[in-house]
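What follows is one structure encoded as structure tokens, with my remarks underneath.
The values are calculated or read from the model by the stated rules, or taken from the named source; none is laboratory data. This structure is a prediction, so every number in the text was calculated from the model and none was measured. Note: ideal-geometry Cβ built from the backbone for every residue, glycine included; neighbour counts use all protein chains shown.
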Amino acid sequence: MIDAVPTFPRIEATVAADATGTVAINGVMQSVVGADEQAVRAEILTRVTATANDLGRPVRLNTRDRLGEQQLAVFPDGHVEALSGLDALAARVTATPTADQPAPKPALNTAQPSENVAVRSEGPAARLTLNDFLQSRPVALVGPAMMGWQGTVRRLTGGLVSVAPGQLELTHRSAIDRVQQSLRGPRTVVVINPKGGAHKTTATLLLAATFGTYRGGYTLAWDNNETRGTLGWRAQPARHSNTAVDLLRDLDRFNDLRSARVGDLDNYVRSQGSTQFDVLASDEDAAASSTINGQAFNELHTTMSRFYRVIVVDTGNNMRASNWEAALDAADQLVIVSTIREDTAASAAWLVDGLYEKGHEEKVRNAVTVLASPSKVADPQLNRRLHSHFASLTRTVLDVPHDPSLVDGGTLSYDALAPATREAWLQVTAAVADGL
């Protein structure tokens with residue numbers, strides 16, 4: 001009997017009839033949106049399988065949907081088995097099926113198993129493999145507390161008293177794990193709100209900085225203004241002043257796979273130092289007449305996707321511009337950002353209405369809404385209204401605090417941000433990563 005298997009971590013999942021759901025792992029709630037209920041279940045299983053894989057052993061999943069409740073065992077290799085009780089999982093972990101007692105088939109609350117679930121065929125007991133041996137390893141120990149009063153106690157006693165991390169630190173670590181999760185190829189995040197001053201550029205830089213800091217590079221923040229944006233001005237400067245227009249002109253040299261080198265991009269993008277992301281600025285020449293249209297965006301995006309794992313796109317204010325629409329089409333994840341103001345929020349709500357009318361309902365439902373406080377104390381009544389409105393439309397709604405270091409609109413310094421600001425943007429980035 002392995003007592004820890006059925007009791008840790010605690011995972012609860014629900015699936016609603018409107019093709020939405022939730023999964024809570026150790027109390028950390030995540031929203032799930034899919035094309036249908038089957039897709040929601042598949043996505044939940046993908047996330048739970050990742051947890052089982054991280055732990056190196058099966059985990060128990062309690063599910064609830066319109067068909068009822070069920071307990072499942074989710075294994076690191078992705079297969080699922082129905083449980084009749086807690087002991088069933090422990091017995092399954094410690095016992096090997098025999099010829100006259102074959103392994104049970106995976107079971108889900110659906111007429112047929114999800115495509116993401118591997119079904120084990122019935123038959124005689126298979127010999128144990130290296131993978132079986134590795135899966136039998138004990139659960140990795142949780143490292144000592146580094147934050148909060150628990151971390152203070154550990155430091156004051158020189159490690160003689162090592163206290164387990166508290167819930168806030170576990171939430172922090174979970175967010176980092178979600179940001180660092182492997183992706184299914186290059187992913188594009190598009191930050192939108194058609195009103196100026198909505199916090200789009202700040203959000204783009206902080207998302208890219210958080211991805212870069214915790215993923216270790218290969219992240220690009222891209223100013224996709226058809227003429228001039230301010231992303232390049234707010235980024236750390238480079239020795240050159242080249243922009244997306246210059247890169248577009250020389251794009252052929254990066255499309256030759258025999259000679260293209262990521263290092264050559266340094267003459268077009270602006271490295272952001274310890275935050276480990278690059279910036280591709282929009283045109284900064286006041287006398288220029290060139291613009292970036294939809295075709296140009298697609299050409300640049302195709303090339304940049306060869307060199308970067310995560311691309312965060314800052315958009316302009318004209319949602320009818322062809323490059324704006326091209327960015328929307330390329331988006332794997334939308335981030336709708338707004339300050340907690342009536343006019344900015346109304347612009348975001350108008351944007352969502354337009355996206356629904358243009359057939360982008362699925363992208364909106366999977367979007368992350370970010371509400372930025374414009375002052376030290378935001379209007380609580382307006383904040384509640386915004387949460388209520390956008391929670392009914394998008395996957396999740398998160399708040400980020402006012403930070404004095406961002407007020408002047410100058411060069412962004414990630415190190416100058418208050419710890420609460422960095423933590424809030426870590427949680428936002430984790431929510432974005434959940435959708436990638």
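Pairs, please: C-beta under 7 Å, at least 6 apart or cross-chain, first residue outside any helix (DSSP H, G or I) and in the stretch 413-434, second at pLDDT below 95?
Listed by first residue and then by second, the contacts come to SER413/SER405; LEU417/ASP403; LEU417/SER405; ALA418/ASP403.
Would you say ARG10 is farther than 16 Å from SER174 by Cβ, basic (Lys, Arg) and at pLDDT below 80?
No.
Quick check, is GLY158 at pLDDT below 75 and part of a loop (DSSP other than H, G, I, E, B)? Outline the logic, then answer.
Details: at pLDDT below 75: yes; part of a loop (DSSP other than H, G, I, E, B): yes.
Yes; evaluated as a whole, the condition is true for this residue.
Consider SER241 against the criteria (1) in a helix (DSSP H, G or I); (2) over 28 Å from the mean Cα position of the chain (by Cα): it satisfies all of them except one. Which criterion is unmet?
It is condition (1) that SER241 fails.
When the residues of the stretch 173-206 are filtered to those that are hydroxyl-bearing (Ser, Thr, Tyr) and assigned to a helix (DSSP H, G or I), which remaining residue is surrounded by the fewest Cβ atoms within 10 Å (Cβ to Cβ)?
Here the answer is SER174.
Among the residues of the stretch 56-65, write down those that are under 24 Å from ARG395 (Cβ atoms), surrounded by fewer than 23 Cβ atoms within 10 Å (Cβ to Cβ) and touching a helix residue (DSSP H, G or I) at 6+ places or on another chain (Cβ under 8 Å). Give the derivation first.
Let us first name the residues in the stretch 56-65 that are under 24 Å from ARG395 (Cβ atoms), namely 59, 61-65.
Filter again for surrounded by fewer than 23 Cβ atoms within 10 Å (Cβ to Cβ), leaving 62, 64-65.
Scanning the stretch 56-65 gives a single hit, ASP65.
Mind checking whether some residue in the stretch 209-220 is small (Gly, Ala, Ser), part of a helix (DSSP H, G or I), in the same structural domain as GLN333 (by TED's automatic domain parsing) and over 22 Å from ASN323 (Cα atoms)?
Yes, the stretch 209-220 contains at least one residue that is small (Gly, Ala, Ser), part of a helix (DSSP H, G or I), in the same structural domain as GLN333 (by TED's automatic domain parsing) and over 22 Å from ASN323 (Cα atoms).
The rows are residues; the columns are (1) at pLDDT below 85; (2) more than 16 Å from the chain's Cα centre (by Cα); (3) more than 16 Å from THR396 (Cβ to Cβ).
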residue	(1), (2), (3)
ALA17	yes, yes, yes
THR20	no, yes, no
GLU37	yes, yes, yes
GLU43	yes, no, no
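Going by the structure shown, is LEU231 surrounded by 20 or more Cβ atoms within 10 Å (Cβ to Cβ), in contact with a strand residue (DSSP E or B) (Cβ under 6 Å, 6 or more places away or on another chain) and in contact (Cβ under 8 Å) with a residue 24 or more places away in the chain?
For LEU231, the condition - surrounded by 20 or more Cβ atoms within 10 Å (Cβ to Cβ), in contact with a strand residue (DSSP E or B) (Cβ under 6 Å, 6 or more places away or on another chain) and in contact (Cβ under 8 Å) with a residue 24 or more places away in the chain - is met.
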